[in-house]
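Undergrad: Structure provided below as structure tokens; questions to follow.
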Amino acid sequence: SLSWAALRQEAGQLWGQLQEDFTLHHLAADLRGSHAKLEPVLNLRGNRPQLAYSEMLFRLSEPQPRDMTIQKLVLSLERHGNIHLLDQHMLGKGIEQLSRPRKDCHKLGINLSAHTLQSALHFEALMELLRHQPQGLRQQLVLEVTETALHEDLEMQTKRLDRLRALHVAIAIDDFGVGFASINYLFRFEPDFIKLDLSYG
């Protein structure tokens, strides 16, 4: 059993977490007030690195408190079962960008959270959004899934990734080498891109 002092400390930590979550959700309440930053994903094959695609990263437009980070926001949304809203928002931003006239034909990478991939309801909502896009646009999309998100139900994950590929969407395994790294693992999911963790090797 816990002592009174330990219970008070635990309650204080829980209250602090709730306050932080409230602040984070307030910051992200209006996702339209956010913007996206593009970062290059490089293909290291050969003598000179070449652009494989550009990754679209979520950023909050409003000034943020110093200790409030995007990572904290994502973790908070995951704790409360709302991370699918961010996934859908970012996919919508990616589709909007790809729909504009562009000089380049580079692919665009969007992060897909483990929670969205593993939820039948949220995954089907994502599929419905993709089905309504022209095939040419879908062919320019790369959905990035972290390696650690793919180990809970291999058969289900494989089927869902195959359904995405059937819509001509490319798949990238992000942070490969952090969790379940193996050659058999790669053969099973057959990703179009593998993003290596810099500490791997």
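Undergrad: When both residues are 6+ apart or on different chains and their Cβ atoms are under 8 Å apart, which pairs have a first residue that lies in region 74-103 and is within 13 Å of L130 (Cα to Cα) and open to solvent by 30 Å² or more (accessible area, probe 1.4 Å), and a second that is small (G, A, S) and in a helix (DSSP H, G or I)?
TA: Taking only residues 6 or more apart or on different chains, the pairs are Q88/A125.
Undergrad: Here is a follow-up. What helices (runs of 4 or more DSSP H) lie completely within region 1-114 and have 3 or more residues being modelled with pLDDT under 70 and hydrophobic (A, V, I, L, M, F, W, C)?
TA: Because the criterion is at least 3 residues that are modelled with pLDDT under 70 and hydrophobic (A, V, I, L, M, F, W, C), the helices (runs of 4 or more DSSP H) in region 1-114 that meet it are 4-27.
Undergrad: Here is a further query. What are the pairs with Cβ atoms under 9 angstrom where one residue, in region 160-173, is open to solvent by less than 70 Å² (accessible area, probe 1.4 Å) and at pLDDT below 95 and the other, located anywhere, is of a type in the set (S, T, Y) and in a strand (DSSP E or B)? Sequence gap at least six, or different chains.
TA: A172/Y53; I173/T146
The values are calculated or read from the model by the stated rules, or taken from the named source; none is laboratory data. It should be emphasised that the depicted structure is a prediction, and the values quoted were computed from it without experimental measurement. Note that we place each Cβ from the backbone using ideal geometry, even for glycine, and neighbour counts take in every protein chain shown. Quick note on the areas: whole protein, heavy atoms, side chains included, nothing else; ligands and nucleic acids left out. Shrake-Rupley method; radii C 1.70, N 1.55, O 1.52, S 1.80 Å.
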